[in-house]
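Asks: What follows is a single structure, and I will ask about it in a moment.
The values are calculated or read from the model by the stated rules, or taken from the named source; none is laboratory data. Quantities reported herein were computed from a predicted structural model and do not represent experimental measurements. Note that we place each Cβ from the backbone using ideal geometry, even for glycine, and neighbour counts take in every protein chain shown. Keep in mind that these areas ignore ligands, DNA and RNA; they rest on the heavy atoms of the full protein, side chains included. Shrake-Rupley method; radii C 1.70, N 1.55, O 1.52, S 1.80 Å.
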Amino acid sequence: FATIKNAKVEPTTLEKKETVKITYEIETNSESEVAKIRVNNLDCIATKVANGTYEIITEVGEEAKVLALTASKIIFADQTEAIVENTVEVNVLKDLPKIEEIKQEDNLANNQVTVTFTLVDPDNSFITGKVQLVKPAVDGTPEQVIQEPTIERDGEHGRVLFENVEIDKEYTARFIANYNRYPEGDENIEENQVIREAKIMLVGDYNLQV
C-alpha cells in the first residue's frame, strides 16, 4: 500500500507555463522506490530527496486560474502501483494589461489632445486606469503632473482627453492602471501601476517642421 501523508507545492503563485515543484511525504510498505507519481493524469518522474520524500516537477499550462494538482497514483520502480488521492492548489496569474497602438489627435484651436489606444487585456485583469499628462523635469525643477483623466473604455478601445495643452511643449503620457492578476478574490489588487509611457506634443504649425 501507499499513502501521501503530506504534500507541499512551491511556488504557490506563478505565471502561465511555468513549472511547480511538489514535494510528497509517502508512507508505504513497498520495498521498491517510488519511480513516478501521477499528477493530473501525467506520470511525473519522482526524485528521491530523503527517505519517504519525493519531488516531482510539472508545468501549469496556459490558463489563468486556481489550478488543482491532484496526485492519483504512485508507480514504483518494480512496476507495482498504488492508488492515492492528494490535491494541492496554485494560482496561475492573469497576464498584465498592456497598452498598444497609441494615437494622438490634436485640436489646436482648443489646446486639446485626444489620445486613443488599444488595451490588450485577454484575461480581464484590468480594473480601472488613468493617464497622467506629465511635464518633464527641467533644470532641477521636478516633473509635474498637469492632469490625470480617467481612461474611457469601450471594449479594447481606450481614450483620454487632455485640456489646456501648451503648444510645442513635449509632455509624457503615463498610463497608470489598477489591476488584479489573481484568478480569484479581491485581496491582491495592485493599484497605480505604470504600464506604459509615450511622448505627447501639440504641434503649433506642421508647415514649419522639416
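Asks: Taking segment 81-103 on its own, how many of its residues are over 30 Å from Val39 (Cα atoms) and open to solvent by 70 Å² or more (accessible area, probe 1.4 Å)?
Replies: Residues flagged as over 30 Å from Val39 (Cα atoms) and open to solvent by 70 Å² or more (accessible area, probe 1.4 Å) within segment 81-103 amount to 4.
Asks: Continuing with the same structure: Starting from residues that are free of Cβ contacts under 8 Å to residues at least 24 places away in the same chain and not aliphatic (A, V, I, L, M), keep the ones in segment 37-57 and report whichever is nearest to Ala2 (Cα to Cα).
Replies: Checking each candidate, the answer is Asn51.
Asks: Among residues belonging to segment 28-45 that are under 36 Å from the mean Cα position of the chain (by Cα) and of a type in the set (D, E, K, R), point out the one that is farthest from Leu69 (Cα to Cα).
Replies: Within segment 28-45, the match that is farthest from Leu69 (Cα to Cα) is Lys36.
Asks: Quickly run through segment 14-36 and pick out the residues that are open to solvent by less than 70 Å² (accessible area, probe 1.4 Å) and free of Cβ contacts under 8 Å to residues at least 40 places away in the same chain. Break it down into steps so the answer makes sense when it comes.
Replies: Applying the first criterion (open to solvent by less than 70 Å² (accessible area, probe 1.4 Å)) to segment 14-36 yields 14-16, 20-24, 26, 28, 30, 32, 34-35.
Result: Lys21, Thr23.
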